[in-house]
Amino acid sequence: MNDLELQEAYYKTRFIVADIILCADKTNAQLDELLIKNNCASYAFITAHNPLSQLMPENENKRRHEQLIAFIKKSEFKYFEGFGEGTASWPNETSLLILGIRKEEAIACGIKFNQKAIIFGQLKGVASLIMIQ
């Protein structure tokens, strides 16, 4: 898949946490309520699965997800587990919705876990797809 096709696939992905369904370039009132409830102004949706968009075995993805959780816990951000639901040709990816993270921190986290993109947003704003690698 070339970069343009990959970017199009990211825009078709739904990012799901509990009953919140987030899509790139869209606002989400439920997510805004969650941010307000937790006294946060920003968020990121990040996975550690399938680094650089290369499919990995499930046990490797699980190990990487556990590393992501440990990393975020050290940073003391509030987070919720969810998943990215892409096309039928790509498996769902367990992910974290991280509250209160700054854009620079979110990008650094995506780079640390070898991701090509993350979702970042702010209260009352659209969810932005950020291509990072």
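General remarks:
- Matching residues, the range 33-46, being in a helix (DSSP H, G or I) and surrounded by 17 or more Cβ atoms within 10 Å (Cβ to Cβ): LEU34, LEU35
- Failed condition for GLY100, given (1) free of Cβ contacts under 8 Å to residues at least 12 places away in the same chain; (2) small (Gly, Ala, Ser); (3) under 22 Å from SER42 (Cβ atoms): (1)
- For the range 26-65, residues that are in contact with a Pro (Cβ under 9 Å, 6 or more places away or on another chain) and among the basic types (Lys, Arg) total 1.
- Scanning the range 7-21 for residues that are out of contact with any helix residue (DSSP H, G or I) (no Cβ under 6 Å at 6 or more places or on another chain), surrounded by 15 or more Cβ atoms within 10 Å (Cβ to Cβ) and either within 14 Å of LEU52 (Cα to Cα) or among the hydrophobic types (A, V, I, L, M, F, W, C) (or both) yields GLN7, ALA9, TYR10, PHE15, ILE16, VAL17, ILE21.
- From the list GLU85, GLU66, GLU81, the one residue that fits, being under 18 Å from LEU34 (Cα atoms) and either modelled with pLDDT under 95 or acidic (Asp, Glu) (or both), is GLU81.
- Only one of the numbered conditions (1) modelled with pLDDT of 95 or more; (2) surrounded by fewer than 15 Cβ atoms within 10 Å (Cβ to Cβ) is not met by CYS109, and that is (2).
- For the range 47-61, the tally of residues that are loosely packed, with under 13 Cβ neighbours inside 10 Å and free of Cβ contacts under 8 Å to residues at least 12 places away in the same chain stands at 4.
- Boolean, THR27 is in contact (Cβ under 8 Å) with a residue 40 or more places away in the chain, among the β-branched types (Val, Ile, Thr) and exposed (fewer than 15 other Cβ atoms within 10 Å of the Cβ): yes
- Of the residues GLU85, GLU93, the single one that is acidic (Asp, Glu), buried (at least 19 other Cβ atoms within 10 Å of the Cβ) and either in contact with a helix residue (DSSP H, G or I) (Cβ under 6 Å, 6 or more places away or on another chain) or closer than 19 Å to ALA127 by Cβ (or both) is GLU93.
- For the range 47-65, the tally of residues that are of a type in the set (Ser, Thr, Tyr) and in a helix (DSSP H, G or I) stands at 1.
The values are calculated or read from the model by the stated rules, or taken from the named source; none is laboratory data. Owing to the predicted nature of the structure, the values given are computational and were not obtained by experimental measurement. Note: ideal-geometry Cβ built from the backbone for every residue, glycine included; neighbour counts use all protein chains shown.
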